[in-house]
Amino acid sequence: MLANTWDWIRLCGFLSYYFFTISAICGIIRKSAWLKSNKNLLFQLHTLAGWLGLFMLIGHMLILLIDSYMPFTLFDLFVPFLTDYETFGTSLGIIAFYCFAIVLYTSDVSIFNMKFPIWKKIHFIVFPAWVMSLVHAIIAGSDSQSPGVITFYALSVVSIVVLLCLRSKGKARVQATTK
């Protein structure tokens, strides 16, 4: 049972990372050369998980405002390197928030006003943002030493790296056969 705001802060942060990981996995698989069906379903899951990740991240930040143990100010939450609590790790989380928000905004709101190559470059900001959110969680997360949390973070990293390698290998194979 969640007893206090700190539990809720961690839950929202953890769920945010989880949903962003699912979104990245669905996006990578959807664009892989070896996938022939269910691309629309993966696109819907990719989009939904991205927005759920952002909503959980906003919840994570808002609950930090009302936490009595380690209260944050609006400036602490939106301006990197101001907080005294794990300054570097917290700042990576803030920067990741901005990156995720920009990617979601450009993907779902302003995509029709952009040229595809620009959109694609912006969209790939999600990978450094995901890494920053992981480092934020490891540095600033109070349960980052828990075996279950360590296992989840390790599995998420392995999943993303393996899928990116498979996608890259499949893309290279497709390009080689079309030449």
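Span-like helix check, the chain: qualifying full DSSP H segments, with Cα axial length of 30 Å or more and mean Kyte-Doolittle of 0.0 or more, are 5-30, 39-66, 87-108, 147-178.
For mean projected area of the Cα convex hull in nm², the candidate list reads (1) 14.3; (2) 11.9; (3) 20.2; the entry that matches the value derived from this model is (2). Rounded if a/c is under 1.5, else prolate if a/b is larger than b/c, else oblate: which is the range 80-125, with a ≥ b ≥ c the root eigenvalues of its Cα gyration tensor? Prolate.
What translational diffusion coefficient, to the nearest whole µm²/s, does the range 77-156 have by Stokes-Einstein, given a Kirkwood radius computed over alpha-carbon pairs, a temperature of 4 °C and 1.567 mPa s viscosity? Intermediate values should be presented prior to the final figure.
On the way: Rh = 13.8 Å.
It comes out at roughly 94 µm²/s.
If each residue of separation counts as 0.36 nm, what is the full-extension length gain between Q44 and K120 once their alpha-carbon separation is subtracted?
Values: separation 76, 0.36 × 76 = 27.36 nm, distance 1.79 nm.
Contour length minus the Cα-Cα distance gives 25.6 nm.
Projecting the Cα atoms of I66, P147, F127 onto the dipole axis of the chain, where Lys and Arg carry +1 and Asp and Glu carry -1 at the beta carbon, places F127 farthest toward the positive end. Rolling a 1.4 Å probe over the heavy atoms of the protein chains gives the range 80-179 an accessible area of 60 Å² per residue.
Ignoring ligands, DNA and RNA, what percent of the 1.4 Å accessible area of the chain is carbon and sulfur?
Working: 7630 of 10530 Å².
Roughly 72 percent, rounded to a whole number.
Does anything in the range 138-172 have its amide N under 15 Å from the 7 Å Cα→Cβ label point of F88, and if so which residues? Within reach of a label on F88, which here means backbone N under 15 Å from a point 7 Å along Cα→Cβ, the range 138-172 contributes 138-141. Once the chain from V131 to L11 is taken as fully extended at 0.36 nm per residue, the excess over their C-alpha distance is 41.3 nm.
The values are calculated or read from the model by the stated rules, or taken from the named source; none is laboratory data. The structure displayed is predicted, hence computed values, not measured ones. So basically every Cβ, Gly included, is an ideal-geometry build from the backbone, and we count neighbours across all protein chains shown. Areas reflect the complete protein model, heavy atoms only, side chains present, ligands, DNA and RNA absent. Shrake-Rupley method; radii C 1.70, N 1.55, O 1.52, S 1.80 Å.
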